[in-house]
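Notes for the one structure printed next.
The values are calculated or read from the model by the stated rules, or taken from the named source; none is laboratory data. Every value quoted in this text rests on a predicted model; they were computed, and no experiment measured them. In this analysis, Cβ positions are derived from the backbone assuming ideal geometry, glycine residues included, and neighbour counts consider all displayed protein chains. Areas reflect the complete protein model, heavy atoms only, side chains present, ligands, DNA and RNA absent. Shrake-Rupley method; radii C 1.70, N 1.55, O 1.52, S 1.80 Å.
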Amino acid sequence: KAGVTQTPRYLIKTRGQQVTLSCSPISGHRSVSWYQQTPGQGLQFLFEYFSETQRNKGNFPGRFSGRQFSNSRSEMNVSTLELGDSALYLCASRSSPANTGELFFGEGSRLTVL
Amino acid sequence: DAKTTQPTSMDCAEGRAANLPCNHSTISGNEYVYWYRQIHSQGPQYIIHGLKNNETNEMASLIITEDRKSSTLILPHATLRDTAVYYCIVRGYNNDMRFGAGTRLTVKP
């Protein structure tokens, strides 16, 4: 079955703009998590959505937001972009947060802010 | 945020076993230990996970100490393609998965 799909794979924005990234989880998975990865900070947890509800959030400012749709697809939005937002944004899915199985990751969306 | 500590980097000779340690001294009784790896700029890849007992799959073995305060990931016959950053994660009380800095394993010919 298809894996986690993230779009777009690469994008370039300028400071002050906003960006929306999309994630389609593995079929049947209802939990979607987002991570930001930068060389200096490593892989940092942004938030997790399950059944259209945000159930957990990392230590990021309110400029970072997300949502999940009824088909489990998720989007994350970053408003008022800053240079430091340049990163690889990774999405991961699992069947549910309570499931002890693995997280499946997508290949990421690489955002460059100029 | 991460509840684990790992060495920053390790080297291993090709064909030899790679043993990657992880300390998780504050782990709770019902928290699982997971291992992932990330090859340059790709999404992290699941390797193995366990609760109390040692686990083995086609990729690796996971040895968890009896007090569960540490674990070791073993790649039995490391290849050059195993060069990656390896993350040890303890699933949090609310089931979230928070990654630490990981160990950069370099397999050398």
How many square angstrom of accessible surface are buried between B and A, both sides summed, with a 1.4 Å probe and rounding to 100? 1700 Å²
Keeping every protein chain present and rolling a 1.4 Å probe, give me the accessible area per residue for the stretch B:1-60 in Å². 55 Å²
Residues of the stretch A:76-114 that become at least 30 Å² less accessible with every protein chain present than in their own chain isolated, using 1.4 Å: which are they? A:Arg94, A:Thr100, A:Glu102, A:Leu103, A:Phe105, A:Glu107
Compute the accessible area of each residue in the stretch B:77-109 twice, once for its chain alone and once with every protein chain present, using a 1.4 Å probe on heavy atoms, and list those whose area falls by at least 40 Å². B:Arg91, B:Asn94, B:Asn95, B:Met97, B:Arg98, B:Phe99
Using only the Cα atoms, what convex hull volume per residue in Å³ does the protein assembly as shown have? 120 Å³
For the pair A:Ser95 and B:Asn54, the simple spin-label estimate (label points 7 Å beyond Cα toward Cβ) gives in nm 2.8 nm
Tell me, what % of the accessible area of the stretch A:14-105 is carbon and sulfur with a 1.4 angstrom probe? 44 percent
Here the relative contact order (percent) of the stretch B:1-102, from C-alpha pairs under 8 Å and at least 6 apart, is 36 percent
Candidate aspartates and glutamates for bridging to B:Lys108, where Cα separation is under 14 Å - those fewer than 8 sequence places away on the same chain excluded: B:Asp11, B:Glu14, B:Asp82
In debye to the nearest 20, how big a dipole does chain A give about its Cα centre with +1 on each Lys and Arg Cβ and -1 on each Asp and Glu Cβ? 120 debye
Excluding residues fewer than 8 positions from A:Lys57 in its own chain, the lysines with Cα under 22 Å of it are B:Lys3
Size of electric dipole in the protein assembly as shown: Cβ of Lys, Arg +1 and of Asp, Glu -1, about Cα centre, debye, nearest 20: 380 debye
Filtered hits (aspartates and glutamates, Cα-Cα < 20 Å from A:Lys13, offset >= 8 within chain) -> A:Glu75, A:Glu82, A:Asp85, A:Glu107
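Could you tally the net charge around A:Leu90, taking each other residue with its Cβ under 11 Å from the Cβ of A:Leu90, Lys/Arg +1 and Asp/Glu -1? Can you show the working numbers first?
Numbers: positive: A:Arg110; negative: A:Glu107.
That works out to 0.
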Relative contact order of chain A, defined on C-alpha pairs under 8 angstrom at six or more residues apart (%): 37 percent
If you add up the charges near B:Asn23, with Lys and Arg at +1 and Asp and Glu at -1, over every other residue whose beta carbon is less than 10 angstrom from its beta carbon, what do you get? +2
Which whole number gives the average, over all residues in B:26-38, of C-beta atoms from other chains lying within 10 Å of the residue C-beta? 1
FRET efficiency for A:Arg63 and B:Thr65, using Cβ-Cβ distance with R0 set to 45 Å, rounded to 0.05: 0.60
Note: chain A at 4 °C, 1.567 mPa s; Kirkwood Rh on alpha carbon pairs; Stokes-Einstein D in µm²/s works out to 93 µm²/s
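For chain A, what is the accessible area per residue in Å², given a 1.4 Å probe and the full set of protein chains?
46 Å²
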In Å, what is the Rg of the alpha-carbon atoms in the stretch B:1-69, and how long is Dmax? 12.9, 36
Along the stretch A:40-53, what does the Karplus equation 6.51 cos²θ - 1.76 cosθ + 1.60 (θ = phi - 60°) give for ³J(HN,Hα), rounded to whole Hz, x for Gly and Pro? x, 10, x, 8, 10, 6, 9, 6, 10, 10, 9, 6, 6, 10
In the stretch B:57-109, what percent of the accessible surface is made up of carbon and sulfur (1.4 Å probe, ligands and nucleic acids excluded)? 54 percent
With loop defined by DSSP as not H, G, I, E or B, and exposure as at most 10 other Cβ atoms within 10 Å, which is the longest segment of chain B clear of exposed GluC sites (Glu not before Pro)? B:1-57
Given a Förster distance of 35 Å, report the FRET efficiency between A:Leu83 and B:Thr5 from their Cβ-Cβ distance, rounded to the nearest 0.05. 0.70
Only counting protein heavy atoms at a 1.4 Å probe, give the residues of the stretch A:47-70, ordered by number, whose accessible area falls by 50 Å² or more when the other protein chains are present relative to the chain alone. A:Asn56
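What is the sum of charges, Lys and Arg at +1 and Asp and Glu at -1, for the other residues whose Cβ falls under 13 Å from the Cβ of B:Ser9? Present the calculation step by step, with values, prior to reporting the outcome.
Details: positive: B:Arg104, B:Lys108; negative: B:Asp11.
Value of the local net charge: +1.
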Scan chain A and report its longest stretch carrying no GluC sites (Glu not before Pro) that are both in a DSSP loop and have at most 15 other Cβ atoms within 10 Å. A:1-51
